[in-house]
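Trainee: Input: one structure, supplied below.
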């Protein structure tokens, strides 16, 4: 369809997109003014309030993996999939209640801008060891996992743009790349958080609209009862129907642990201005994520009443959006913009964390390059481009990719982050040993095809934690746990 004809039909989407892009650019300029230093570009100089960080926390997590990936998996796994939504809300509370406040205080004491900085401050002491293997190895893990996650989000955004604009998937991915690179590279953390506040509002309204129109088209909220009467849909109500329940618990755990150990989530805590902001952010994050998940997770189940022969569950939501019998044109247009906002809110955060960590903790220790802000911006562009190119031929569906990255984060960082906050023992060797053994267990479990029985996150997390504890007991801590 020619551009002018498309605008004439989708004028709501065209207008909303123009306003949305204008806000992105405005926030990028404001962010640039606040990014006159590394601390400003990476964390907004630790001056941000609880409401903004709370919204940013749930907005950056509830990406296309929720709107497209997780909503679609409800089609495949049925009602038991709601366990995942419950787990995410529970771990959001745990993260803000017991991880966030202490992390904020320690990060300020250590002057940590990234997770490798935090680990170095906690386990290496005051000595400036920029080239220590702990910094380098943890930085490499973060860059690798971030690229995986970016691939998944670019895939979701690409499918959405392709179906909505009637363009090729390749063009759609490149369009998403262009949008996010411009405002993330210019504005840094302040731009990302300010934009997340707008995007979070769009996501809340969009999730409610998505639930309303899909359930109405399916025959109402109670129409799910008709599925129970269909023998070929019985698996939707069976705890072990679509997926063994123990595997489902592993999927839920690996996805939820990211709320505790994912560097993009932890970076929100580093940026909080005080404990009062942490208390306020807790309820903003929990309530916001609860609303989004409660609206999105049942979508795939109701889709059984609207779609047949689905082969790629990542296409369920984009397909429904293009069905005029499900969504009025104006609603589909608005939801398109809301889901674009969901994708952008995760891409920018993951991208900024990957670029800041990649430059500061992996490249800078071996380089004498000046202008760290410039090179961090270059890293933003480079990592985004690499991820988008791989997303043209992704190695799996959205959920598979994001769950693996979550499992790897848990195996590598859970013992160091959680035990490091509350247990006085621990040292750099214990952290690195836990990272190595956790990663080997995770990859080996997958390679031996044992995940159909027990999800790989359970053995990986158990081995990683046990290794950390055993090594910590055999050696003395390099630094004392700060008195918080």
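Trainee: With a Förster radius of 25 Å, plug the Cβ-Cβ distance of residue 222 and residue 51 into 1/(1 + (r/R0)^6) and report the FRET value to the nearest 0.05.
Mentor: About 0.10, to the nearest 0.05.
Trainee: Within a 10 angstrom radius of the beta carbon, how do 91, 165 rank from fewest other beta carbons to most?
Mentor: In order of increasing Cβ crowding within 10 Å: 165, 91.
Trainee: Sort out for me the Cα centre separation of the stretch 1-66 from the stretch 85-134, rounded to whole Å.
Mentor: First find each Cα centre; the distance between them is then 26 Å.
Trainee: Something else now. Assuming a ≥ b ≥ c are the square roots of the Cα gyration tensor eigenvalues, decide whether the stretch 208-263 counts as rounded (a/c under 1.5), prolate (otherwise, with a/b larger than b/c) or oblate.
Mentor: oblate
Trainee: Also, quick follow-up: Can you give me the C-alpha center-to-center distance between the stretch 311-372 and the stretch 419-484, rounded to a whole angstrom?
Mentor: Each part reduced to its Cα centre gives a spacing of 30 Å.
Trainee: Given only helices, namely DSSP H runs of n ≥ 4 each adding -39500 (n - 2.57), what is the per-residue ellipticity at 222 nm of the chain, to the nearest 500 deg cm²/dmol?
Mentor: Calculated mean residue ellipticity at 222 nm is -23500 deg cm²/dmol.
Trainee: Is the stretch 345-484 best put as rounded, prolate or oblate by its Cα gyration tensor, with a ≥ b ≥ c the root eigenvalues, rounded for a/c under 1.5, and otherwise prolate when a/b is larger than b/c, oblate when not?
Mentor: oblate
Trainee: A further question on this structure: Assuming 0.36 nm per residue, please report the length gained on full extension of the stretch residue 436 to residue 369 beyond their Cα-Cα distance.
Mentor: 21.1 nm
Trainee: Taking Rg/Rh (Cα atoms, Kirkwood Rh) as the quantity of interest, determine which of (1) 0.94; (2) 1.05; (3) 0.97 was computed from the displayed structure.
Mentor: Recomputing Rg/Rh (Cα atoms, Kirkwood Rh) here gives the entry labelled (3).
Trainee: Need the full-extension length gain, residue 33 to residue 5, defined as separation in residues times 0.36 nm minus the C-alpha distance. One decimal, nm.
Mentor: 6.2 nm
Trainee: Using the number of other C-beta atoms within 10 angstrom as an exposure proxy, rank 442, 389, 177, 448 with the fewest first.
Mentor: Arranged by neighbour count, lowest to highest, 442, 389, 177, 448 become 448, 389, 177, 442.
Trainee: Related question: For the residues 6, 81, what sequence is obtained by ranking on other C-beta atoms within 10 Å, fewest first?
Mentor: Final ranking by Cβ density, sparse to dense: 6, 81.
Trainee: Please work out how much length the chain gains when fully extended from residue 23 to residue 109, using 0.36 nm per residue of separation minus the C-alpha to C-alpha distance, in nm with one decimal.
Mentor: 27.5 nm
Trainee: Still on this structure, please answer the following. Could you tell me whether the stretch 101-151 comes out rounded, prolate or oblate from its Cα gyration tensor? Rule is a ≥ b ≥ c as square roots of the eigenvalues, rounded for a/c under 1.5, then prolate if a/b exceeds b/c, otherwise oblate.
Mentor: oblate
Trainee: Starting from the 7 Å offset along Cα-to-Cβ, what nm value, one decimal, do you get for the label separation of residue 476 and residue 182?
Mentor: Reported label-point gap for residue 476 and residue 182 is 5.8 nm.
A short reminder: the numbers here are calculations on the coordinates, not readings from a lab. It should be emphasised that the depicted structure is a prediction, and the values quoted were computed from it without experimental measurement. FYI the Cβ positions are ideal-geometry reconstructions off the backbone, even for glycines, and counts take in every protein chain you see.
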